[in-house]
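Working notes, structure below.
What follows is calculated from the coordinates using simple rules that are stated; it is not laboratory data. Remember, predicted model here, so these are calculated numbers, not experimental data. Cβ atoms come from the backbone with ideal geometry, glycine included; neighbour counts cover every protein chain shown.
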Amino acid sequence: MAPVKFTKVLCTKSHPLQNPSLGAGYVGGPTCAVITLKCPHITVTIVDLNKARINAWNSPDFKLPIYEIDLEDVIRACRGHNLFFSTDVEKGIREAELIFVSVNTPTKKSGVGAGFAADLNYVELATCQVAVVATTSKIVVEKSTFPCRTAESMCTIQVNSKPGCHFDILSNPEFFPEGTAISDLFKPDRLSKLAANAMLTQRISSVNALSICEVTVANINEVVNAVGYDSRVGHKFLKASIGFSGRCFQKDILNLVYLSKSLYLPEVAMNKYQKLCFSKHVVDTLFNTVTGKRIVVFGFAFTAGTGDTRESAAITFIRDFQSERAFVNFYDPQANVKKQVKICKSAFEARRDAEAVVIATKWKEHRSHEVGCEWAYPSINRPP
Ligand code: ADP
């Protein structure tokens with residue numbers, strides 16, 4: 001169904017449209033918060049099975065379960081007015097006219113397509129739940145990034161499931177980049193997701209593949225700046241890094257690789273290799289051993305501006321350094337991690353007694369004069 005019909009449905013309502021989101025995560029939270037800010041006549045209830053997450057969204061001091069720049073301001077403006085958070089999923093479904101399905105779609109860990117294909121179990125469960133609980137017709141919008149044809153499966157699950165209820169399924173996957181989700185929701189400029197992410201990751205990998213610069217001591221920033229002036233190339237997304245990170249890049253590429261494999265097309269993936277090269281480079285620099293040495297990792301979120309740590313490059317480094325029996329300190333202004341490393345309260349504390357500093361996330365404060373390389377270099381431990 002064309003998206004225009006969805007707009008018409010919204011406009012023809014004379015009473016506040018009840019509009020819940022199933023899933024209060026990185027997709028459902030920011031998306032629905034911005035909808036409520038921009039559309040005060042729409043009431044949105046964000047429901048989630050995870051009680052702790054909902055409690056955090058409702059916390060009196062706005063200690064939200066996810067971090068995104070400016071998200072707290074939007075929640076402060078709307079929560080309790082036309083934006084509500086609840087664990088009562090069934091009530092949310094019953095009262096809704098339009099439902100966003102924003103549940104998790106992790107990469108499959110076992111079975112067909114393991115390690116590549118998206119696990120659609122949560123989507124199926126949520127879709128069945130809507131079909132079972134609904135007592136009136138609904139518009140159901142798939143908001144998470146689902147593989148092609150998921151809407152068809154949702155349709156099959158819901159169509160004719162209940163006499164008197166009609167379900168329209170719309171596909172409107174989220175497009176915002178984490179770290180700038182709120183500003184991007186205000187001014188979106190993306191019309192495709194999987195293909196765009198494939199192109200973006202290729203750009204990152206291509207720049208990182210210019211390792212000839214490192215060997216010849218050329219300045220990679222100057223090289224890419226010059227390349228960016230070629231109008232066919234452009235400047236954006238041409239920053240050399242330690243391999244791309246983040247849930248969507250990783251997941252979308254794996255999906256694409258899976259799809260390509262099913263179509264008998266060969267895979268191209270060098271991101272893992274680039275991360276491995278970086279860990280190896282650190283070990284090499286520290287005289288080929290990091291055993292017993294202390295390495296500080298600044299940044300655990302996969303990118304600056306978010307608290308999301310899924311598929312973060314820092315995870316790879318920490319694992320690599322720990323397998324080499326190094327001690328790892330880490331500090332991130334927002335992201336939390338399970339306690340397999342020493343979590344420090346400040347960058348200052350983190351770098352104490354360290355032999356190496358790895359800046360894994362481009363937080364402003366990590367790039368700043370006080371915390372960044374210039375600051376860290378003189379204070380790190382060196383051999384006598
Ligand atoms: P994403 O990054 O795609 O938003 P998250 O894991 O951050 O993924 O959020 C997905 C949320 O969806 C989780 O908090 C999970 O508890 C919730 N969820 C999964 N299935 C359901 C369901 N059937 N009903 C309500 N919430 C659900």
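Below, the figures for the structure above:
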item	result
Cβ-placed point charges (K, R +1; D, E -1), dipole of region 81-129 about Cα centre in debye, nearest 20	220
Rounded to 10°, Cα long-axis angle of helix 271-285 versus longest principal axis of the chain	30
Per residue convex hull volume, Cα atoms of region 123-279, in Å³	157
Full-extension gain in nm, residue 343 to residue 114, via 0.36 nm per residue minus C-alpha separation	79.2 nm
Nearest-ten-degree value, helix 194-208 long axis tilted from longest Cα axis of the chain	0
Crossing angle, helix 121-133 versus the chain [Cα axis fit, 0-90 degrees, rounded to tens]	20
Pairwise FRET efficiency - residue 39 versus residue 161, Cβ, R0 = 30 Å, nearest 0.05	0.55
Euclidean distance between Cα centres, region 122-194 to region 31-58, Å	16
Charge dipole of region 190-287 about the Cα centre (unit charges at C-beta), most positive-ward option of 218, 231, 197	197
Helix-only mean residue ellipticity at 222 nm for the chain, each DSSP H run of n ≥ 4 adding -39500 (n - 2.57), per residue, nearest 500	-11000 deg cm²/dmol
Dipole moment magnitude, nearest 20 debye, the chain about Cα centre, only Lys, Arg, Asp, Glu C-beta charged	360
Per residue convex hull volume, Cα atoms of region 62-201, in Å³	144
Whole-angstrom Cα spans of the chain along principal axes, big to small	79, 52, 43
